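I have placed the structure first, in the form of structure tokens, so that the comments after it can refer back to it.
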Amino acid sequence: MLILTCPYCGVTGEETEFHGGGEAHVKRFGPGSSDSEFRDYLFSKVNPKGVHFERWRHNNGCGKWFHAARDTMTLEVYGTYPAQTFEPPQEIKDAITAKRPGWSWREFS
Amino acid sequence: MSEAVSALQGASYDGIAQVREIGLQGMITLRGDLGNTALKKAAAAATGQDMPGQRKANVKDDSGIAWMSPDELLILVPYDAVDARLEALGKALAKQHHMAVNVSDARAVFELSGGPVVREVIAKLCPVDMAVGAFGAGDFRRTRMAQVPAAFWMPDENSVRIVCFRSVAQYVFDLLKGAAAPGSAVGYLA
Ligand SMILES: [Zn+2]
């Protein structure tokens, strides 16, 4: 069971109050992109054992989308942060480094 | 002119706590910049209550303001006053980007009463810490009640008011009846 804290309403709730929205920080490729870019945008998602970044929605709550950094193996949540960002904030990266030195995920580390 | 009726027309149940659909309650969804002075004033004028903080509600009887999200308030007013208050809100916020909609007939409201045991009734249905100190009078919480979204607050230590969508009013009433069934007290929170 994941315990997530919504950065918008401040509720710390268990995961059934939220809904997972897939991988975080996915860059959209639409009209004008190449076939391979569009394919990767739609289908090429990572599924790591360990550090992972996801989008979540507080659907049975304030309704807002946010980001979560968590560990898929231990279910530890390193932190949550607002949706209006292209990359994890430094304090989230630091929190992960404290527990998982040398971690990397996509282009982040 | 048709006669307005609430979802369950005042249905009630008596168990370890009392459950009652309160009937018609005026409700307005107000969305906008909650830090905006004009919006705060308009909400206060519509309800006679101050703007609540994050996850709080200032409600007296059937008038008040509940904090729904960083850009949404639930405005409670007497059912018959909704049209007039909506018009006043629209005038006061004419220059602000906002949305004010009458949602009174899209929702149902229940009152759960009967003492501290109401905390246990809610705790059986919602993933919310209902311990004294964790949730109390003045707090407002949107969450899940079994399989449907719901929101609630405690007008006082012995009662809870619950808002849900009208389409699931019977489901929520049945849930509350089950959680308040005679002999079902857990004795953990009350
Ligand atoms: Zn939230």
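When cysteine pairs in the protein assembly as shown are screened for C-beta atoms closer than 4.7 angstrom, the residues that find no partner are A:Cys6, B:Cys126, B:Cys164. Summary of the geometry: region B:1-53 and region B:91-144, compared by the centres of their Cα atoms, lie 10 Å apart. The C-alpha atoms of chain B define a longest principal axis, and helix B:169-179 lies at about 40 degrees to it. The amide H of A:Glu76, built 1.01 Å from its N in the peptide plane, has A:Asp71 as neighbours under 5 Å, considering only residues 5 or more places off or on other chains. Taking a straight line from the alpha carbon of B:Lys91, not one of the aspartates and glutamates sits under 12 Å away once near neighbours fewer than eight places off in the same chain are left out.
Sort region B:46-151 into rounded, prolate or oblate with this rule: let a ≥ b ≥ c be the square roots of the eigenvalues of the Cα gyration tensor; rounded if a/c is under 1.5, and if a/c is not under 1.5, prolate when a/b is larger than b/c, oblate otherwise. It is prolate, given that a/c is not under 1.5 and a/b is the larger ratio. Partner lysines whose Cα lies under 21 Å from the Cα of A:Lys99, excluding those fewer than 8 positions away in the same chain, are identified as A:Lys49. Based on DSSP H runs of at least 4 residues, each adding -39500 (n - 2.57), what is the mean residue ellipticity at 222 nm of the protein assembly as shown after dividing by all its residues, to the nearest 500 deg cm²/dmol? Rounded to the nearest 500, it is -5500 deg cm²/dmol. Using the Cα centre as the reference, give the magnitude of the dipole from point charges on the C-beta atoms of region B:28-159 (Lys, Arg: +1; Asp, Glu: -1; all else neutral), rounded to the nearest 20 debye. Approximately 400 debye in magnitude. For region B:114-124, 3J(HN,Hα) computed residue by residue from phi via the Karplus equation (6.51, -1.76, 1.60; θ = phi - 60°) reads x, x, x, 5, 4, 4, 5, 4, 5, 4, 6 Hz, glycine and proline entered as x. Computed from backbone phi, the HN-Hα couplings of region B:80-90 come to 6, 9, 4, 4, 5, 5, 4, 5, 5, 4, x Hz, rounded to whole numbers (Karplus: 6.51 cos²θ - 1.76 cosθ + 1.60, θ = phi - 60°; Gly and Pro given as x). Under 5 Å between amide hydrogens, built in the peptide plane, is the criterion, and for B:Phe140 it picks out B:Lys56, B:Ala57 among residues at least 5 positions away or on other chains.
Axis of helix A:90-99 versus longest Cα principal axis of chain A: the two differ by about 70°, to the nearest ten degrees. Rounded to the nearest 20, the Cβ-based charge dipole of region B:26-105 about its Cα centre (Lys and Arg +1, Asp and Glu -1) stands at 340 debye. Charged side chains reduced to their Cβ positions (Lys and Arg at +1, Asp and Glu at -1) give the protein assembly as shown a dipole of some 500 debye around its Cα centre. Farthest toward the positive end of the dipole of the protein assembly as shown, out of B:Ser159, A:Cys9, B:Met27, is the Cα of A:Cys9, where the dipole comes from beta carbon charges about the Cα centre.
Taking each residue as 0.36 nm, the span from A:Glu23 to A:Thr5 lengthens on full extension beyond its C-alpha to C-alpha distance by 4.7 nm.
Note on A:8-15: average number of Cβ atoms from other chains within 10 Å of each residue's Cβ is 4.
For A:Val11, the amide hydrogen comes within under 5 Å of the amide hydrogens of A:Cys6, counting only partners 5 or more places away or on other chains and with H modelled in the peptide plane. Ellipsoid fit via the Cα gyration tensor, region B:1-58: semi-axes of 31, 18, 9 Å, each the root of five times an eigenvalue, largest first. Simple rule: put +1 on each Lys or Arg Cβ and -1 on each Asp or Glu Cβ in region A:34-79, find the dipole, and look at A:Ser34, A:Asn47, A:Gly63; the Cα lying farthest toward the positive end is A:Gly63. Cross-link partners of A:Lys93 among aspartates and glutamates, defined as those whose alpha carbon lies under 15 angstrom from its own and excluding same-chain residues fewer than eight positions apart: A:Glu54, A:Asp71, A:Glu76, A:Glu107.
Every number here is computed from the coordinates shown, using simple stated rules; none is lab data. What you see is a predicted model; the values in this text were computed from it and never measured. Using ideal geometry, Cβ is built from the backbone for each residue, glycine included, and neighbour counts are taken over all protein chains shown.
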